[in-house]
């Protein structure tokens, strides 16, 4: 009798483990999405709000000319929009998309990359001024501090969690630049591939990842020296790179073949490819910005050419649905 009970208990544990493995493999497909997705529509000069549970666009408002990247506030109450066709960073209230602040960065700014840190400060590239801005107290006095990169096309941006360092990818100069925001020491710039564009800092701050669209490569850099530690072959024309919140993988958005390259951040190897669309569809869809869900189970992919955002289950690589957004949906942000 004792032996039978022990066997039954062992079988129960085994079945439970199998169920857990099956659930992990099933991914997000059977679970409803939650939260709110915000989309910058660069051709429509507008901002969309999507309810992820229903997949419906619940609001769309006029924004600024040619808006690109988005950043949510730490408390989830606002989203900041980089107005690439102008000179301002505009802040909208998440609840009703009312514009509550417009922060002008000066002549020829053309802000693009944008980060809103947990400390409440905003950071944005000003491509036309070859600089970045630190915006302290953006919802209040909005104090501006400008840091020159000295490089052409300072496009995308990563910022250390403590706000000490920032890094840009400089398309025109083919460089990555590190800026010391505390000491204002001269910036350090290093050539990385051909047309580096995507950039992301690992959650532990120990590795800076860069995708170079002209090289079809991703690079793992030392954040301080900008020395290349690893070079990884990706798909065709990797515009963006983003790390999963857990830090275990990076993905690149490969515009020319409509896929995502999945890179193991420990080994530095591409482990698989997720086909969001076919190579034949890629030119029409123009896949650009990518965004992870907070739990790392879904990936949202902006398909700028077809005014859609694909929702992808990371575990299975399945496209779960396509969400309709405004004209030229590009920058993405999620508030749970």
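Brief remarks follow.
- Considering only 122, 139, 81, the mean-square fluctuation computed in a Gaussian network model of the chain, springs between alpha carbons under 10 angstrom, is largest for 139.
- The Cα atoms of segment 156-205 cover 30, 25, 13 Å along the three principal axes, with the biggest extent listed first.
- Geometric descriptor of segment 197-278, per residue, is 73 Å³ (volume of the convex hull of the Cα atoms).
- Full extension of the chain between residue 224 and residue 336 yields a length gain of 37.0 nm, computed as 0.36 nm times the residue separation minus the alpha carbon distance.
- Rel. contact order, % - alpha carbon contacts under 8 angstrom, at least six apart, segment 202-336: 14
- P(r) weight above 19 Å for segment 179-336, C-alpha pairs, percent: 52
- Whole-percent pair-distance distribution, where bins are 10 Å wide, for the alpha carbons of segment 140-272: 14, 46, 30, 9, 1
- Within segment 258-322, the percentage of alpha carbon pairs spaced more than 13 angstrom apart rounds to 62%.
- Restricting the calculation to Cα atoms, every distinct pair contributes to the Kirkwood radius of segment 49-202, found to be 15.7 Å.
- With semi-axes defined as the square roots of five times the eigenvalues of the C-alpha gyration tensor, the equivalent ellipsoid of segment 123-217 measures 22, 15, 12 Å, largest first.
- Note on segment 33-134: Cα-only Rg and Dmax are 13.2, 41 Å.
- Centre-to-centre, using Cα atoms only, segment 140-187 and segment 269-294 are separated by 28 Å.
- Rg/Rh for segment 124-173 (Cα atoms only, Rh after Kirkwood) is 1.00.
- Zero-based 10 Å bins, Cα pair distances in segment 243-295, whole percents: 26, 47, 24, 2
- Entry note, segment 158-197: relative contact order of 36 percent, from Cα contacts under 8 Å with a spacing of 6+ residues.
- Computed Rg/Rh of segment 90-160, alpha carbon atoms with Kirkwood Rh: 0.97
- Residue among 89, 39, 190 with the largest mean-square fluctuation in a Gaussian network model of the chain, springs linking Cα atoms under 10 Å: 190
- Mean-square fluctuations from a GNM of the chain, with a 10 angstrom spring cutoff on Cα atoms, peak among 252, 308, 267 at 267.
- Shape descriptor for the chain: Rg over Rh equals 1.02 (Cα atoms; Rh from the Kirkwood inverse mean 1/r).
- Pairs of Cα atoms nearer than 8 Å and 6+ residues apart set the relative contact order; for segment 193-245 it is 35 percent.
Every read-out reported here was derived from the displayed coordinates using simple, explicitly stated rules and does not represent laboratory data. As the structure is a prediction and not an experimental result, all values here were calculated from the model.
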